[in-house]
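What follows draws every value from the coordinates through simple rules; no lab data is involved. Quantities reported herein were computed from a predicted structural model and do not represent experimental measurements.
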Amino acid sequence: MIDMIYNLRAGDIHAVESSDEFNNLCMPFEKSLIEEQIDVFHKILDCVSDTAAAEMRAAYKAGFKDGVALMKELRE
C-alpha cells in the first residue's frame with residue numbers, strides 16, 4: 001500500500017536538476033569517450049539513478065511509517 005501511495009505521489013515530488021558541477025564534469029568526460037565507453041557510462045548513470053530512486057522510496061516509506069506511529073501515539 002505504501003508503494004501505491006508513493007507511486008501516486010511520485011509525480012508531485014519535484015526532483016532537483018543536475019548540479020552545475022555534475023554537468024561540468026560529465027559533459028567533457030563523455031565527449032572524450034568512445035562509443036562503447038559511452039554505453040557503459042550511461043549504464044553506470046542508470047544504476048546511480050536507480051539507487052537514488054530506491055533510497056527515495058525507502059525514505060518515503062520510513063517517513064510514512066513514522067507518521068503512522070506518531071498518529072497512533074497521539075491517539076492513545
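With viscosity set to 0.890 mPa s and temperature to 25 °C, compute the Stokes-Einstein D of segment 14-76, Rh being the Kirkwood radius across alpha carbon pairs; µm²/s, no decimals. Translational diffusion coefficient: 166 µm²/s.
Could you give the length gained on full extension between D39 and A62, defined as 0.36 nm per residue of separation minus the Cα-Cα distance, in nm? Write out the running numbers ahead of the final one.
Values: separation 23, 0.36 × 23 = 8.28 nm, distance 3.47 nm.
This chain segment gains 4.8 nm when fully extended.
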